[in-house]
Amino acid sequence: MTGGRVVVVGCSAGGLDALDGLLGGLGEDFPWPVAVVIHRGADSDFDMIRGALSSCARLLEAEDKTSLSARAVFIAPPDYHLLIDEDRLALSTEAPSHHARPSIDVLFSSAAALGGGAVGVILSGGGKDGCAGAREIAARGGLVFVQDPATAGSQDLPRAAAAALPAARVLPPKGIARALVLLAGGAKP
Amino acid sequence: MRPLEARGDPERIAIGLLLEGVFQRYGYDFRDYAPASLRRRILARVEEEGLASVSALQERILADPGSMAGLLGKISISVTSMFRDPGFYAALRRDIVPYLKTYPFIRVWHAGCATGEEVYSLAILLHEEGILPRCRIYATDINEAVLEKARAGIFPLSAMKQYTDNHLKSGGRRPFSEYYTAGYDGAIFHSFLRENVVFSRHDLAREASFNEFNLILCRNTLIYFNPKLQGRALGLLAKSLAPNGYLALGSRESLHSCDGADAFEDVDARQRIYRRVA
């Protein structure tokens, strides 16, 4: 159904605006599944996140073994890692990575196993979590987009990712969305 | 001469060969574990052993039981915490304990207990509800080394603040600090908590049911199985429950997409608490 393509996105709490811009730009008919890690505390509330991402109609919190389906955007639940597992989502309770659980690196690394089918998007964030995973996606033949640090609330992560990945496409969130829609072979209505 | 056609993903093939080798050599069957998390743990072991490939790890493991122990440790470690998901423990107090109280003798199975944090949490809860002496808790895991840690009941002092908070949020009735003494090694939990606990080795993926229980907790263990193995394990758990017995899963695990789900009905779907349909 998805043609083996998945978009994985990572950001920190300060990146919700950027994420909202990205998801709004993808539109409701975007044909590939999207899985997102937002750095969240263990008691973080999904309703708050859903409220902040009002541009997205089909936002779901991931459960273990949920089937990946097009037109749905899955958010990693608090205190679990989220992984892409062939045609499903998988959860893990492995130790936090760079103090983060859910971790962007863990999600991106699992997507890298898809090789050319993986698309990674790094949005506003602090810290290191996400850089290594983005490198893995690129190394295995996938694509990486990085939010233009000049447009990011927290610049550390996009800066580090852009520096580590010369081949990454650096764009503002809406620009990333437009590029993804073109890649997926459709025009936004 | 035409080049040979190659198919599939070499890494996935190498992992499959490693798991086959482990099964044939040591009898541990990880072939139906969920691929993504298993891959991650295997690649971490490759790095920790200073090797360059999954195939190199396979070669070493087949020759060296010490290396196999390292892999087993990696695969079976699940990082847990005391009173993880306080809302769940609050629901346990509210919805399940009243049912347990109707029995003169209560059997509980904690399947996949890892280092024991949730077992001690359960013991504390049952103690506070006044029924611990009537309970027999069977805490099982696939890894003997991890069970040793669980038997000791010593957890990092640095975690106590978080655990105290979790315990309070779950409806804890006594100050959490009453349950442990601060030692050099860590927080040593009082031995009365494990008096009614039997820690023993059991492989949920392969072994048969061994008793009938009023409550089974299997939290964040089935996530490491693929759907086929999860279905089989759920069948085992259903068979191990007394009529109207309760099953509790982890906070983001769901019965609904699996085989074996129709043996259960929802008690509290949000907290992942189910009851065996009589």
Quiz item: Residues of region B:4-16 being within 13 Å of chain A (Cβ to nearest Cβ) and either crowded, with 16+ Cβ neighbours inside 10 Å or under 20 Å from A:Asp87 (Cβ atoms) (or both), which ones?
Solution: B:Gly8, B:Asp9, B:Glu11, B:Arg12, B:Ile13, B:Ala14, B:Ile15
Quiz item: Can you name the number of the only condition in (1) open to solvent by 10 Å² or more (accessible area, probe 1.4 Å); (2) outside any loop (DSSP other than H, G, I, E, B); (3) under 16 Å from B:Met82 (Cβ atoms) that B:Gly172 fails?
Solution: (2)
Quiz item: Name the residues in region B:17-32 that are closer than 22 Å to A:Gly115 by Cβ and open to solvent by less than 40 Å² (accessible area, probe 1.4 Å), would you?
Solution: B:Leu18, B:Leu19
Quiz item: among the hydroxyl-bearing types (Ser, Thr, Tyr), at pLDDT 95 or above and within 25 Å of the chain's Cα centre (by Cα) - does that describe any residue in region B:44-66?
Solution: no
Quiz item: Restricting attention to region B:228-247, does a residue exist that is part of a strand (DSSP E or B), within 10 Å of chain A (Cβ to nearest Cβ) and open to solvent by less than 10 Å² (accessible area, probe 1.4 Å)?
Solution: no
Exercise. Determine if region A:22-34 includes at least one residue that is within 28 Å of B:Arg41 (Cβ to Cβ), outside any helix (DSSP H, G or I), of a type in the set (Phe, Trp, Tyr) and away from chain B (no Cβ under 13 Å).
Key: yes
Self-check item: Selected residue [touching a Pro at 6+ places or on another chain (Cβ under 8 Å) and at pLDDT 90 or above] from A:Leu60, A:Leu68, A:Leu53
Solution: A:Leu68
Practice problem: Would you please name the residue that is nearest to B:Val79 (Cα to Cα), looking only at residues in region A:41-63 that are within 13 Å of chain B (Cβ to nearest Cβ), assigned to a loop (DSSP other than H, G, I, E, B) and open to solvent by less than 60 Å² (accessible area, probe 1.4 Å)? | Solution: A:Gly41
Practice problem: Could you give me the residue pairs with C-beta distances under 6 Å whose first residue belongs to region B:248-273 and is within 14 Å of chain A (Cβ to nearest Cβ), whose second residue is surrounded by fewer than 19 Cβ atoms within 10 Å (Cβ to Cβ) and assigned to a helix (DSSP H, G or I) wherever it lies, and which are 6+ apart or on separate chains? | Solution: B:Leu255/B:Ala261; B:Cys258/B:Gly231; B:Asp259/B:Gly231; B:Gly260/B:Gly231; B:Gly260/B:Gly235
Exercise. Considering every residue within region B:213-223, establish whether at least one is open to solvent by 20 Å² or more (accessible area, probe 1.4 Å) and either away from every other protein chain (no Cβ under 14 Å) or of a type outside the set (Val, Ile, Thr) (or both).
Key: no
Quiz item: Can you spot a residue in region B:152-167 that is under 19 Å from B:Val108 (Cα atoms) and either in a loop (DSSP other than H, G, I, E, B) or touching a residue at least 12 places away in the same chain (Cβ under 8 Å) (or both)?
Solution: yes
Quiz item: Hey, which of the strands (runs of 3 or more DSSP E) in region A:71-189, taking only ones fully inside, have at least 3 residues that are within 25 Å of B:Ile13 (Cβ to Cβ) and open to solvent by 20 Å² or more (accessible area, probe 1.4 Å)?
Solution: none
Quiz prompt | Answer from A:Leu171, A:Leu107, A:Leu123 - the residue that is in contact (Cβ under 8 Å) with a residue 12 or more places away in the chain, in contact with a His (Cβ under 8 Å, 6 or more places away or on another chain) and within 20 Å of A:Val34 (Cβ to Cβ) | solution = A:Leu107
Practice problem: Within region A:64-84, work out how many residues are under 23 Å from A:Leu26 (Cα atoms), of a type outside the set (A, V, I, L, M) and within 11 Å of chain B (Cβ to nearest Cβ). | Solution: 3
Quiz item: Which ranges mark the helices (runs of 4 or more DSSP H) fully within region B:1-96 that have 3 or more residues being farther than 30 Å from A:Arg101 by Cβ?
Solution: B:10-26, B:54-63
Quiz item: Does A:Leu114 meet the test of being within 11 Å of chain B (Cβ to nearest Cβ), modelled with pLDDT under 95 and under 16 Å from the mean Cα position of the chain (by Cα)?
Solution: yes
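Does region A:46-64 include one or more residues that are closer than 27 Å to B:Arg45 by Cβ, of a type outside the set (A, V, I, L, M) and in contact with a strand residue (DSSP E or B) (Cβ under 9 Å, 6 or more places away or on another chain)?
For region A:46-64, residues closer than 27 Å to B:Arg45 by Cβ, of a type outside the set (A, V, I, L, M) and in contact with a strand residue (DSSP E or B) (Cβ under 9 Å, 6 or more places away or on another chain): present.
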Exercise. Collect the residues in region A:36-55 that are of a type outside the set (A, V, I, L, M) and under 26 Å from A:Ser109 (Cα atoms), keeping them in residue-number order.
Key: A:His39, A:Arg40, A:Gly41, A:Asp43, A:Ser44, A:Asp45, A:Phe46, A:Arg50
Quiz item: Any idea which of (1) closer than 18 Å to B:Tyr224 by Cβ; (2) open to solvent by 20 Å² or more (accessible area, probe 1.4 Å); (3) among the aromatic types (Phe, Trp, Tyr) is the one B:Tyr99 doesn't satisfy?
Solution: (1)
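The values are calculated or read from the model by the stated rules, or taken from the named source; none is laboratory data. Computed from a prediction, not measured in an experiment: that's the story for all the values here. Here Cβ is always computed from backbone atoms with ideal geometry, including for glycine, and neighbour counts include all displayed protein chains. When the accessible area is computed, the model is the full protein with side chains, heavy atoms only, and any ligands, DNA or RNA have been set aside. Shrake-Rupley method; radii C 1.70, N 1.55, O 1.52, S 1.80 Å.
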